[in-house]
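K.L.:
Please find one structure pasted underneath; my questions will follow.
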Amino acid sequence: MGRTQTTIRLNDELIEQLDTEAEERDVSRSEYVREILHDRHETDVLEAEVDRLRERLEAREERIGELEGQLAQRSNLEEKIEDLPDKVRDIEDEPNPPFFINWLRWWRNRANN
């Protein structure tokens, strides 16, 4: 592939930046500018990938929020379940417990006989 010389005018600050970056990569300024121009379309690909990753991240953050809500509900249910035996005992100790408690006593006695 042949090369054609092209002249462009850049301000001193940009030249210094290009020189610094080229030196960091251990290439000449001309080679560095050629690399930049050659790879310029990769920016579009990378931007599309960044957008895709952002969408996945947002979806995952939303899912994490849902799971945290479910976990809070589960913890609430677990607390209620832990308190349930005490409540049942309190009701059983009442002199005139509700029908369900009488039925439960009958069922337990029936199973033991």
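The values are calculated or read from the model by the stated rules, or taken from the named source; none is laboratory data. Not measured: the values here are computed from a predicted model. Neighbour counts run over all protein chains shown; Cβ positions are idealised from the backbone, glycine included.
K.L.:
Check Ala48, Ala59, Ala72, Ala111 and return the single one that is in a helix (DSSP H, G or I), over 23 Å from the mean Cα position of the chain (by Cα) and among the aliphatic types (A, V, I, L, M). Steps first, answer last, please.
P.N.:
On the way: Ala48 fails: over 23 Å from the mean Cα position of the chain (by Cα); Ala59 fails: over 23 Å from the mean Cα position of the chain (by Cα); Ala72 fails: over 23 Å from the mean Cα position of the chain (by Cα).
On inspection, the qualifying residue turns out to be Ala111.
K.L.:
Does region 11-18 contain at least one residue that is touching a helix residue (DSSP H, G or I) at 6+ places or on another chain (Cβ under 7 Å), of a type outside the set (Gly, Ala, Ser) and at pLDDT 95 or above? Step through it out loud before you land on a result.
P.N.:
First, pick out the residues of region 11-18 that are touching a helix residue (DSSP H, G or I) at 6+ places or on another chain (Cβ under 7 Å): 18.
With the extra rule that they be of a type outside the set (Gly, Ala, Ser), the set shrinks to 18.
Restricting the remaining residues to those that are at pLDDT 95 or above gives 18.
Yes; the residues of region 11-18 include at least one that is touching a helix residue (DSSP H, G or I) at 6+ places or on another chain (Cβ under 7 Å), of a type outside the set (Gly, Ala, Ser) and at pLDDT 95 or above.
K.L.:
Among what's in region 1-24 and is of a type in the set (Asp, Glu) and surrounded by 10 or more Cβ atoms within 10 Å (Cβ to Cβ), pick the residue that is nearest to the chain's Cα centre (by Cα).
P.N.:
So, considering only residues that are of a type in the set (Asp, Glu) and surrounded by 10 or more Cβ atoms within 10 Å (Cβ to Cβ), the one nearest to the chain's Cα centre (by Cα) is Glu21.
K.L.:
Determine whether region 25-32 contains at least one residue that is under 37 Å from the mean Cα position of the chain (by Cα) and outside any helix (DSSP H, G or I).
P.N.:
Yes, some residue in region 25-32 is under 37 Å from the mean Cα position of the chain (by Cα) and outside any helix (DSSP H, G or I).
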